[in-house]
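The values are calculated or read from the model by the stated rules, or taken from the named source; none is laboratory data. Just so we're clear, the structure is a prediction, and the values are computed from it rather than from any experiment. We place every Cβ from the backbone using ideal geometry, glycine too, and count neighbours over all the protein chains shown.
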């Protein structure tokens with residue numbers, strides 16, 4: 001187990017503000033939230049400038065979809081771990097997410113239980129007790 | 001003025017010829033006892049008498065002839081020569097074959113010598129008759145010349161000489177011409193010419209002769225003075241005086257006796273004077289001062305009272321020239337010097353009759369079997385004399401012969417007139433034909449003009465321009481609505497090939513050139529749709545159709561065609577396409593909006609609800625609540641999936657987020673799972689970022705085609721392929737099902753096909769549907785990826 005005193009830096013990207021609030025509540029004080037993005041273009045720019053450890057990314061967003069943001073970040077050699085938070089339950093979306101280098105894929109309906117384990121898994125750190133369930137649909 | 005003895009000697013009659021024949025019988029009750037067939041019911045006629053004219057030829061062979069007469073004469077002569085040649089050949093053949101033609105000797109004893117026409121004419125008749133003899137005839141002619149040698153002692157010497165001459169060379173037949181030879185034979189026949197048949201001929205009045213033995217037969221001369229004077233009185237009704245002119249030779253006297261006998265009939269009607277013992281010049285003076293109501297009858301004048309001898313050719317003209325009254329004659333020798341003529345006897349005919357008798361005797365008949373006959377007389381007139389004395393031809397007896405009759409204008413020129421009329425008729429027919437032809441041509445030209453006008457009006461009304469391009473010269477003739485199409489203010493225009501090229505919008509020239517080349521090379525109809533630039537710089541759309549015409553060598557020589565302005569149709573089509581596109585776009589936008597609404601709002605709310613339920617559940621320690629909350633959360637997630645499915649159906653968000661290929665693959669998988677049909681999807685080279693309208697279009701076509709295949713084909717396997725390159729994207733949906741009749745698809749299929757076509761046309765693509773009953777269906781759609789599509793890809797890439 002790796003000792004890390006620095007809190008993981010997280011960038012949140014979703015066009016739905018209530019989800020952002022809900023995610024912020026879930027992350028609590030264990031994570032440093034470096035920014036909020038409300039569309040794909042903003043997410044891409046903030047990710048490239050803030051260089052977060054984790055990017056929580058919605059798929060359906062204005063300007064650029066989350067998949068496209070992830071693809072371009074990979075092209076830009078960005079090392080941020082990408083965790084998709086989405087309502088799409090279709091395998092094609094999951095396959096696409098994996099193909100663009102997603103570390104985790106969490107359905108929005110299940111973020112209460114699945115988000116934190118997914119982030120820790122993405123960071124390759126042991127999850128606290130409450131974060132035990134990692135969802136790969 | 002009395003016409004002179006003539007150079008032109010024409011026998012003519014309008015009547016069929018009078019035939020004088022040895023077989024003819026005397027006419028019963030005829031005072032003249034003529035052996036003549038006369039068609040009395042017909043008027044005087046003028047028909048050529050070649051046989052008789054032959055007589056004239058013999059007498060006046062120096063005379064020139066009327067051309068037509070000449071032609072006839074030449075024809076007759078030619079025929080005669082032909083017959084003679086045939087006869088000669090016929091005669092020669094037996095000789096050539098070695099046969100000996102028997103010789104018969106004919107002795108002709110003449111009263112006078114050949115200085116007298118009578119002798120020659122009779123001789124001619126005899127020779128003609130004997131020409132038909134099967135024997136070779138040897139003629140011996142003797143002349144007693146009683147005019148010059150009138151002394152009985154001299155005649156006695158002659159007789160003795162002839163008797164002695166023929167004592168040992170008896171002729172087969174003796175023909176006597178005249179009374180003295182007959183008397184000589186009658187007296188010496190029994191002793192000197194025993195058994196020799198004698199045929200006598202009296203062209204003139206016979207002398208008294210004793211009874212003749214049975215070996216004599218012949219022709220008695222006849223004169224017809226009464227008939228001739230009767231005719232003279234008919235022609236000259238005022239006649240009161242008759243002067244008979246004659247000579248003092250023995251036969252002159254004998255004839256005068258007969259004349260006097262016959263003229264007894266007119267003794268009461270006429271004052272008859274006989275100038276028979278008056279010699280010139282007194283005779284001529286008398287004749288020159290005759291009263292106006294006098295006619296002259298010329299009888300034989302062989303010798304005048306002064307002892308001068310005359311032939312007919314001398315005495316005839318002498319009397320005629322001297323006389324101031326018309327002169328009638330009794331024999332044909334006294335004709336053709338100005339005499340009017342009359343009922344005349346013909347020496348040549350008498351000769352022919354006698355010759356015929358001799359021929360029969362040579363053929364074996366006995367003289368006593370051949371009856372003595374009288375010679376024939378014929379009404380014969382000199383036309384010139386008639387004209388001189390103003391005598392109308394119609395007064396002449398029917399069947400009369402006319403000498404020296406000048407042919408009428410009609411007779412002279414009737415062939416020319418006929419030919420001329422024929423030519424005029426021919427010319428008339430030709431002119432009529434030409435006029436008809438011209439009328440037809442004018443009609444045709446008028447019709448052509450009308451047709452051209454109709455065509456022009458049609459072309460103009462149809463907002464069209466027709467062209468006629470001469471390949472060889474490069475001239476291009478246009479007519480029609482040139483103003484509207486090209487902005488040329490004219491109805492017709494003639495330009496070159498380059499002129500047309502310059503009017504075509506440069507971007508469209510390749511289309512036009514390719515279509516023209518294709519039509520020319522492959523002999524196919526030319527068809528092209530392109531734009532032209534008018535003179536006012538505005539652009540018009542044109543649809544042109546045409547055809548090449550080739551020479552027999554296969555070289556294109558002409559191109560005809562018609563171009564229609566389709567600008568408004570194009571605008572309408574564009575508008576329609578735009579409206580269609582907007583409708584589809586609106587539909588798609590509305591679907592997308594609803595789908596997004598469902599996804600972005602409802603689904604998010606449901607997700608939040610699930611999160612909140614999780615938090616509430618986490619705060620609760622009640623186990624029942626936990627399980628109940630989990631169940632509620634499960635149902636929320638289920639609702640969320642349904643909403644997602646609904647949104648997906650309305651508008652697949654995969655197209656937007658995952659691209660056409662992924663969306664298509666997903667759709668195929670869904671169909672496979674839900675309908676139990678294996679849908680095999682392959683893709684290659686599909687661009688990631690397509691224009692939304694292209695990807696939506698192809699996805700909708702894919703949905704329609706696959707759903708149709710599932711519904712109607714009955715196939716358990718469907719192949720879908722999506723292949724792209726830099727220029728276009730091709731979608732193929734193929735099944736091996738039952739297929740359908742393209743010309744008669746079901747209603748749903750039909751609507752589906754229409755919908756697919758419309759969608760494809762909106763993105764300027766093409767769609768091909770191949771289907772055959774039992775072999776399945778293949779639908780292929782090609783959509784061009786234009787610059788804007790690629791541009792959008794680039795712009796997306798740049799963003």
Take the range A:52-84 and flag every residue that is without any contact (Cβ under 8 Å) to a residue 40 or more places away in the chain, farther than 15 Å from residue A:99 by Cα and in contact with a strand residue (DSSP E or B) (Cβ under 9 Å, 6 or more places away or on another chain). A:78
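Let's see how each residue does on (1) within 47 Å of the chain's Cα centre (by Cα); (2) assigned to a helix (DSSP H, G or I); (3) farther than 26 Å from residue B:508 by Cα:
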site	(1), (2), (3)
B:524	yes, no, no
B:548	yes, no, no
B:568	no, yes, no
B:576	no, yes, no
B:581	no, yes, no
B:598	no, yes, yes
Unmet criterion (only one of (1) on the phi < 0 side of the Ramachandran plot; (2) surrounded by 24 or more Cβ atoms within 10 Å (Cβ to Cβ); (3) under 57 Å from the mean Cα position of the chain (by Cα)) for residue B:386: (2)
Is it fair to say residue B:397 is in a loop (DSSP other than H, G, I, E, B) and under 30 Å from residue B:173 (Cβ atoms)? no
Filter result for the condition that a residue is part of a helix (DSSP H, G or I) and within 8 Å of chain A (Cβ to nearest Cβ), over B:606, B:702: B:606
Verdict on residue A:89 being facing chain B (nearest Cβ under 9 Å) and surrounded by fewer than 20 Cβ atoms within 10 Å (Cβ to Cβ): yes
Can you pull out the residues in the range B:623-666 that are buried (at least 22 other Cβ atoms within 10 Å of the Cβ), more than 7 Å from chain A (Cβ to nearest Cβ) and over 13 Å from residue B:696 (Cα atoms)? B:647
Selection over the range B:103-116 where residues are surrounded by 19 or more Cβ atoms within 10 Å (Cβ to Cβ) and either assigned to a loop (DSSP other than H, G, I, E, B) or under 60 Å from the mean Cα position of the chain (by Cα) (or both) yields a count of 3
Given the options B:362, B:301, name the one that is touching a residue at least 12 places away in the same chain (Cβ under 8 Å) and over 22 Å from residue B:145 (Cα atoms). B:362
The residue that is farthest from the chain's Cα centre (by Cα), considering only those in the range B:461-500 that are part of a loop (DSSP other than H, G, I, E, B) and surrounded by fewer than 14 Cβ atoms within 10 Å (Cβ to Cβ), is B:489
For residues that are at pLDDT below 85 and on the phi > 0 side of the Ramachandran plot, tally how many sit in the range B:765-799. 1
Within the set of pairs 6 or more residues apart or between chains, which connect a residue that is within 13 Å of chain B (Cβ to nearest Cβ) inside the range A:35-51 to a residue that is surrounded by fewer than 17 Cβ atoms within 10 Å (Cβ to Cβ) and part of a helix (DSSP H, G or I) with Cβ atoms less than 9 Å apart? A:38/A:17
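So that you can scan it fast, the table gives a plain yes or no per residue for (1) in a loop (DSSP other than H, G, I, E, B); (2) within 60 Å of the chain's Cα centre (by Cα); (3) at pLDDT below 90:
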| site | (1), (2), (3) |
| --- | --- |
| B:171 | yes, no, no |
| B:182 | no, no, yes |
| B:191 | no, no, yes |
| B:205 | yes, no, yes |
| B:208 | yes, no, yes |
Hey, residue B:160 hits all of (1) exposed (fewer than 14 other Cβ atoms within 10 Å of the Cβ); (2) within 60 Å of the chain's Cα centre (by Cα) but one; which does it fall short on? (2)
Residue B:562 vs. criteria crowded, with 17+ Cβ neighbours inside 10 Å and outside any strand (DSSP E or B): no
Residue list for the range A:92-113, restricted to those being within 11 Å of chain B (Cβ to nearest Cβ), surrounded by 23 or more Cβ atoms within 10 Å (Cβ to Cβ) and more than 16 Å from residue B:604 (Cβ to Cβ): A:96, A:97
Take residue B:671 and decide whether it is assigned to a helix (DSSP H, G or I), more than 9 Å from chain A (Cβ to nearest Cβ) and either within 17 Å of residue B:698 (Cβ to Cβ) or touching a residue at least 60 places away in the same chain (Cβ under 8 Å) (or both). yes
Residue list for the range B:501-510, restricted to those being at pLDDT 90 or above, out of contact with any helix residue (DSSP H, G or I) (no Cβ under 7 Å at 6 or more places or on another chain) and part of a helix (DSSP H, G or I): B:506, B:507, B:508, B:510
Just for the range B:133-147: of the residues that are out of contact with any helix residue (DSSP H, G or I) (no Cβ under 7 Å at 6 or more places or on another chain) and surrounded by fewer than 18 Cβ atoms within 10 Å (Cβ to Cβ), which one is farthest from residue B:171 (Cα to Cα)? B:134
Output the residue which, of all residues in the range B:613-622 that are in a helix (DSSP H, G or I) and at pLDDT below 85, is nearest to the other protein chains (Cβ to nearest Cβ). B:614
